[in-house]
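Student: Pasting a structure here, questions to come.
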Amino acid sequence: MIRNKFYLPLACIVVFSGCSTVSQNEVFGSMERMSVERGAEDLKWIKTAEEAEAAEKSLKTLLSLPLDEENAVRITLINNRALQQVYERIGIAQSELVQAGLMTNPLLGYSFGHGGGIGKTGVTLELAFLDLLWIPLRKELGGLALEETKMDVADEVLRTVRDAKKSYIDVRISDELVRLNGDVLKSYEAALQLAARQNAAGNLSKRDLLKIKDGYARARIESMRLHRDYAVAREALNQRMGLYGEHTDYTLSNEPLKLNVQPPAPDALEKFAMEHRLDIAAARKAVEYAAVEAGYTKNTRLLQEVTLEAQSEKGSGEERFNTFGIKIPIPIFDIGQGRISRTQARYNQSVNHLYELAVNVRSQTREEYAKLRYAYDIAQVYQDSVVKTDQSILEETQLFYNGMLDGIYELLSDQRRYADAKMQSLSALGEYRKSYADLMYVTGGMITAPKDKR
């Protein structure tokens, strides 16, 4: 009976301190839903060998097709190991929430003494019993930290999607530029071959031949630069998608890149961004966490070290003697002033961070809209005016050449002008598409996705 009384307080505390919490998969599912609503689908958190094998099969299936922007994003979300590292932050935060619901382990002591022919044994149990009162507060803090982490992770997913889109656009544009420049280089080669024959026949001056040689050499240098840019862009995409070895031998989609519809109107974009940016939501949770932490620290600063003691002693030939007691710290030197000041500073820091982030998000929204607006206008002028005008010039020059009113050099020059216009138009198109990806992110990833202009 005495033994039961001795362990009864411990048993009650163990029963009442039990806690339940959401699983890591539930938290990931909630984060995934937020990401899907903002255009990031098919998220995979790889934690087992079976999941890794399934991801590898999906990867091979996607890479067997000509790579388009949509599949580049899918591969990134499946295979990007930096993103997999970010997902583990959910596991860490969820584990900390579980830990927050647990009491501090009790301390069990045993002593044995002998003297004067008398032996004495003692058993002590020390328990921070007030810890039970702080569990709900700690779980509240852990829950807020988990929500903040979930939003941070979802925001990182959206940033990764944006970067994957931009990397893919860079590769496609670089690939197209290399091919277009090949036509320009062929034009210079034809001009040089013709000039060499004319110079040998005495029909072209040395000065004119040297000028054509110079133009050809510069065209070759530009071709080398474009090939270099393509190689760099492709490796950047490989890194983004987490590819190496034979997986890097994919082919790119040859579907023509087109100018999208006009950008959305700027009205209410700032407000929309403030309501849907996940880093803003995470910063709000950080403020809430700091406020709760400050209150928790203030309420527990003098009572955290209060412990309940139970002791049972028995000497030779004596009956067991049980005692119960409590230990309370005396607040003479440390009354929690440092901890309170620290949590207040953290709260002020989080408030100012939220304010700074809100200002920056509004500015980013205006800036990215301006970039998108001008990128669209520039691309449209190239597509609808410059390219068409240079095409018309080339057609007219062809007529003049056919009528022997213009020479071959004028025709080749206008061919290069037309090819150069197409290259500049393509570069402008790439800038527009990357600006659109940026605007989608800075507004929360939920603006209407563009459709190709038919």
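Student: Can you tell me which of Leu127, Leu144, Leu132 is surrounded by fewer than 17 Cβ atoms within 10 Å (Cβ to Cβ), in the same structural domain as Lys166 (by TED's automatic domain parsing), of a type in the set (A, V, I, L, M, F, W, C) and over 18 Å from Asp163 (Cβ atoms)?
Tutor: Of Leu127, Leu144, Leu132, the one residue that is surrounded by fewer than 17 Cβ atoms within 10 Å (Cβ to Cβ), in the same structural domain as Lys166 (by TED's automatic domain parsing), of a type in the set (A, V, I, L, M, F, W, C) and over 18 Å from Asp163 (Cβ atoms) is Leu132.
Student: While we're here: Answer yes if at least one residue in segment 92-110 is aromatic (Phe, Trp, Tyr), within 25 Å of Asn299 (Cβ to Cβ), assigned by TED's automatic domain parsing to the domain that holds Ser312 and modelled with pLDDT under 85, and no otherwise.
Tutor: No, segment 92-110 contains no residue that is aromatic (Phe, Trp, Tyr), within 25 Å of Asn299 (Cβ to Cβ), assigned by TED's automatic domain parsing to the domain that holds Ser312 and modelled with pLDDT under 85.
Student: Okay, next question. For segment 208-254, give me each residue that is closer than 25 Å to Arg162 by Cβ, assigned to a helix (DSSP H, G or I) and among the aromatic types (Phe, Trp, Tyr).
Tutor: Tyr230 - this is the single residue of segment 208-254 that is closer than 25 Å to Arg162 by Cβ, assigned to a helix (DSSP H, G or I) and among the aromatic types (Phe, Trp, Tyr).
Residue-by-condition table, conditions (1) crowded, with 17+ Cβ neighbours inside 10 Å; (2) within 30 Å of Asp175 (Cα to Cα); (3) aliphatic (A, V, I, L, M):
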{"residue": "Ala201", "(1), (2), (3)": "no, no, yes"}
{"residue": "Leu204", "(1), (2), (3)": "yes, no, yes"}
{"residue": "Lys211", "(1), (2), (3)": "no, yes, no"}
{"residue": "Asp214", "(1), (2), (3)": "no, yes, no"}
{"residue": "Lys258", "(1), (2), (3)": "no, yes, no"}
{"residue": "Gln262", "(1), (2), (3)": "no, yes, no"}
{"residue": "Pro266", "(1), (2), (3)": "no, no, no"}
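Student: Which numbered condition trips up Phe400, out of (1) among the hydrophobic types (A, V, I, L, M, F, W, C); (2) at pLDDT 85 or above; (3) over 26 Å from the mean Cα position of the chain (by Cα)?
Tutor: Status for Phe400: all satisfied but (2).
For (1) of a type outside the set (A, V, I, L, M, F, W, C); (2) within 18 Å of Ile328 (Cβ to Cβ), each residue gets a yes or a no:
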residue	(1), (2)
Glu88	yes, no
Gln99	yes, no
Asn105	yes, no
Leu108	no, no
Ile118	no, no
Phe129	no, yes
Leu137	no, no
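Student: Answer with yes or no whether Gln349 is surrounded by 14 or more Cβ atoms within 10 Å (Cβ to Cβ) and touching a residue at least 12 places away in the same chain (Cβ under 8 Å).
Tutor: no
The values are calculated or read from the model by the stated rules, or taken from the named source; none is laboratory data. Bear in mind that the values here come from a model prediction, so they are computed numbers and not experimental data. All Cβ positions, glycine included, derive from the backbone under ideal geometry; neighbour counts span all protein chains shown.
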